[in-house]
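The structure appears right after this line, and notes come after that.
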Amino acid sequence: MILAVSLSPSVDRTLMVPDVELGKIHRPITVIEVAGGKGFNVARCLMRLDYPVLAIGILGGPTGQWIRELARSEGMNILDIPGSRNTRICTSIVDTSNAVLTEFYEAATSVTRQEWDQLCVEVRHWARTASWVTISGALPAGLSTDSMWQLIEAAREGGARVAIDTHGASLQMAVRARPAVIKVNRHEAVALLELADNTAASEVCERLAAVVGATAVVTDGESGAWTFGDDQRTLHVNSARRGDFPVGSGDCFLAGFVGALSDSQPVGEALRLASAAATANAQVPGPGIFDLQDVEAFLSETTTTTLEA
């Protein structure tokens, strides 16, 4: 089982709107609503890939109840910590006339120390039956950065390996906590390591792995993704396919990567499944919503390249 922790849950709404114009009234032709936030998107992708998964997060107010109902309506196993503040809503607007995406993300809902401590208790408990714990998203407001360390330690004390996808100050703390896998985009990694903007992504990945002492994954949009791990090899993957709906693709990438590792697949195979899942996600609107046949098709045409040291 994989435990997917959402640091900052939300209702994720995708509105398909033709001919978006600033200052005008618009009537969406399609509205997609899912239990979102990066961790819940990871859980949705794992569920669609047929990996056993339990999603967990702090949910509060009417929006928190909405998330519970959305998650359970699609068959997601969910454990929520009751929150005292109403959970946020994030909205993505896709102009169907030109596929331009505009996003409105509310700030991560603040939580109390008591709520966070309860989350850590539950993570420690469920990590005893999990092979992996994924921790995704932004650290909620109202918490110190050492809260990320506390959560990672809770997962490890339960006996699970930890994979992290976060940013900012919480990323710096996550690096110090040395998870088994850390996934970041190239921009975040360059800032974290204080490297020049033009540093090659392969070098960024190798340096990040050295700092963390674990497997590093660096994504760079249409340029693909790199990983460097215990075998001291840098692998690169890139899909020739593109899509108009990238929201959630990074979460699907992490889900595919950790899912394959949970099946004891080598890192190269994990990288292939991660790429295929992310690419499939980009084909249809809504985070973590994709056709499994697309994943299988993209997986068959995806290869990794080993870069020379």
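The values are calculated or read from the model by the stated rules, or taken from the named source; none is laboratory data. Remember, predicted model here, so these are calculated numbers, not experimental data. FYI the Cβ positions are ideal-geometry reconstructions off the backbone, even for glycines, and counts take in every protein chain you see.
The rows are residues; the columns are (1) of a type in the set (Ser, Thr, Tyr); (2) in contact with a Leu (Cβ under 9 Å, 6 or more places away or on another chain).
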position	(1), (2)
Ala4	no, yes
Arg13	no, no
Ala35	no, yes
Arg48	no, yes
Tyr51	yes, no
Ile67	no, yes
Ser73	yes, no
Arg88	no, no
Open item on the list: When the residues of the stretch 241-260 are narrowed to those that are surrounded by fewer than 24 Cβ atoms within 10 Å (Cβ to Cβ) and of a type in the set (A, V, I, L, M), which ends up modelled with the highest pLDDT?
Closed with: Ala260
Open item on the list: Considering only residues that are among the hydroxyl-bearing types (Ser, Thr, Tyr), at pLDDT below 95 and crowded, with 20+ Cβ neighbours inside 10 Å, which ones fall in the stretch 275-301?
Closed with: none
TODO: Hey, could you check the stretch 171-225 for residues that are in contact (Cβ under 8 Å) with a residue 60 or more places away in the chain and of a type outside the set (Lys, Arg) and say which is farthest from Ala108 (Cα to Cα)?
DONE: Ser202
TODO: From Ala154, Ala130, grab the single residue that is crowded, with 21+ Cβ neighbours inside 10 Å, in contact (Cβ under 8 Å) with a residue 40 or more places away in the chain and more than 16 Å from the chain's Cα centre (by Cα).
DONE: Ala130
Open item on the list: surrounded by 22 or more Cβ atoms within 10 Å (Cβ to Cβ) and touching a helix residue (DSSP H, G or I) at 6+ places or on another chain (Cβ under 7 Å): is that true of Ala174 in this structure?
Closed with: yes
Open item on the list: Criterion first (closer than 20 Å to Ala163 by Cβ and among the basic types (Lys, Arg)) does Arg241 satisfy it?
Closed with: no
